[in-house]
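The values are calculated or read from the model by the stated rules, or taken from the named source; none is laboratory data. Everything quoted here is computed from the prediction, not taken from an experiment. Cβ sites come from the backbone with ideal geometry, for glycine too, and all protein chains shown count toward neighbours. Heads up: the accessible areas ignore ligands, DNA and RNA and are worked out on the full protein's heavy atoms, side chains in. Shrake-Rupley method; radii C 1.70, N 1.55, O 1.52, S 1.80 Å.
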Amino acid sequence: ALMITDECINCDVCEPECPNGAISPGEEIYVIDPNLCTECVGHFDEPQCQQVCPVDCIPLDPERSETHDQLMHKYRLITAA
Ligand code: SF4
Ligand code: SF4
């Protein structure tokens, strides 16, 4: 999963781009629900939020490192729900 750092300027550009609805406004900055973020696997070749973020504050979450297979499995679980 990806994560949003405290450099986020709350511009709201990323939220509508997420195909999994994983991004939402948090208490202070936007947040990504790691249980819903497939790094866009299953939908797009590149993480859409990273493509649009004007301040480049959406890196990989080092504590939520996942393989492509794990991400695809998550995608299947989300879309089956
Ligand atoms: Fe959503 Fe894709 Fe960004 Fe994950 S990488 S938060 S699935 S847009
Ligand atoms: Fe924050 Fe970047 Fe999303 Fe804008 S696009 S709300 S700066 S994470």
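Cβ-Cβ below 7 Å, separation at least six or inter-chain, first residue in segment 41-65 and without any contact (Cβ under 8 Å) to a residue 60 or more places away in the chain and near ligand 1 (Cβ under 10 Å from one of its atoms), second open to solvent by less than 50 Å² (accessible area, probe 1.4 Å) and acidic (Asp, Glu): which pairs? Listed pairs, sorted by first residue: Pro47/Glu39. Of the set (1) within 11 Å of ligand 2 (Cβ to nearest atom); (2) touching a strand residue (DSSP E or B) at 6+ places or on another chain (Cβ under 7 Å); (3) under 22 Å from Thr79 (Cβ atoms), all apply to Cys37 but (1). I'd like the full set of residues that are surrounded by fewer than 18 Cβ atoms within 10 Å (Cβ to Cβ), under 19 Å from Pro62 (Cα atoms) and not hydrophobic (A, V, I, L, M, F, W, C), limited to segment 14-50. Listed by number, the residues that qualify are Asp33, Pro34, Asn35, Glu46, Gln50. When segment 60-81 is filtered for residues that are open to solvent by 50 Å² or more (accessible area, probe 1.4 Å), within 12 Å of Ala1 (Cα to Cα) and not hydrophobic (A, V, I, L, M, F, W, C), the ones remaining, listed by number, are Pro62, Glu63, Arg64, Ser65, Thr67, His68, Gln70, Tyr75. Residues in segment 44-54 that are more than 16 Å from ligand 2 (Cβ to nearest atom) and under 11 Å from Ala22 (Cβ atoms): 0 in all.
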